[in-house]
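Step one of this worksheet: look at the structure below.
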Amino acid sequence: MNEILRVESISKNFGGLRALDRCTLSVEKGSITALIGPNGSGKTTLFNVVTGFLRPDEGRVLFENRDVTGLAANRIASLGLARTFQVPTGFPRLTVWENLMSAPLGQEGESLCSLFTRPGRVRTQDQEHFSRAHQILDRIGLAQKLTELATNLSAAEARMLELGRQLMLSPRLLLLDEPSSGVNPAMLDRLASLTLELNGEGMSFLIIGHNLSFIMKLSHFIHVLQYGKHIASGKPEEIARDDRVVEAYLGVHK
């Protein structure tokens, strides 16, 4: 299997709580992979470890066969691994357009020296970012809201803006934390269609979700966590029939 991401024996403790317990799983390059499990199973903690917001107590994270364990979050993002959050982040007092334009890392125009010594490169890069931002606005359905302050967006629009900000980084692997939360059916369809389009263009995904209908329709492969442990993996139809998953995720015996 051609893995774009592999986590090996990851453990993370918070005091006496073991949030992740020697968790091992992988994401195949070009796939849409889901991560499910009951509340408190360690899904977001795993995202935080993978993306550099938390350092694991043991284990390692490999992205494109490179050990990125413990690297700073911005460094990991610059390598092509981006993520969204359960609660959309960003800059509420900036416009939709400004939020997108602030996202790319390593902008030449942020350096006073470059403004004087490499003005041509600054202009070229800005034009590239302008073009990409317009394309992304169209794709996330916010082209008519580019001058709107982010704080005035609906919950669904804020979530799409969060996605747009990460797309400005041109990631090869995108981790989505509960992307369907607070999203109305129409926007959910747009999100699903966009995810499939981006995947068709070569982007890989790892998605946390509690909306099982959304996950089952979208995913090629699913991992399941319970109490910080990886308990099952398989295709959607296999997971739906797995007695361990039914018991862990729904709390009933099959």
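The values are calculated or read from the model by the stated rules, or taken from the named source; none is laboratory data. Since we're looking at a predicted model, the values are computed, not measured. Quick reminder, even Gly has a Cβ in these numbers, built from the backbone with ideal geometry, and neighbours come from all protein chains shown. Keep in mind that these areas ignore ligands, DNA and RNA; they rest on the heavy atoms of the full protein, side chains included. Shrake-Rupley method; radii C 1.70, N 1.55, O 1.52, S 1.80 Å.
Per-residue extension of 0.36 nm, minus the Cα-Cα distance of ASN152 and ARG75, leaves a gain of 24.6 nm for this segment. Here the sum of -39500 (n - 2.57) over DSSP H runs of 4 or more residues, divided by the residues of the chain, equals -10500 deg cm²/dmol at 222 nm, to the nearest 500.
Annotation: for a label point projected 7 angstrom from Cα along Cα→Cβ of THR89, no residues of segment 9-27 have a backbone N closer than 15 Å. Charge tally for ALA82 (other residues, Cβ to Cβ under 10 Å; Lys, Arg +1; Asp, Glu -1): +3. Stretching the chain fully between SER131 and GLU58 yields a gain of 22.1 nm (0.36 nm per residue, less the alpha carbon separation).
Computed about its Cα centre, the charge dipole of the chain is approximately 300 debye, with only Lys, Arg, Asp and Glu carrying charge at their Cβ. Pairs from the table (LYS29/LYS145; LYS29/LYS229; LYS12/LYS145) lying more than 31 angstrom apart at Cα are LYS29/LYS145; LYS12/LYS145.
Modelled spin-label separation between SER233 and LYS29, with each label point placed 7 Å from Cα along the Cα-to-Cβ direction: 1.7 nm. Only Cα pairs under 8 Å and 6+ residues apart enter the sum, and on that basis the relative contact order of segment 1-114 stands at 23 percent. Any chance you could check the Cα centroid distance between segment 1-75 and segment 160-211 for me, in angstrom? Centre-to-centre distance over Cα atoms comes out at 19 Å.
In the neighborhood of GLY42, defined by Cβ-to-Cβ distances under 12 Å, what is the net charge if each Lys or Arg adds +1 and each Asp or Glu adds -1? Around GLY42, the surrounding residues sum to +4. Surface composition of the chain: carbon and sulfur make up 50 percent of the accessible area, probe 1.4 Å.
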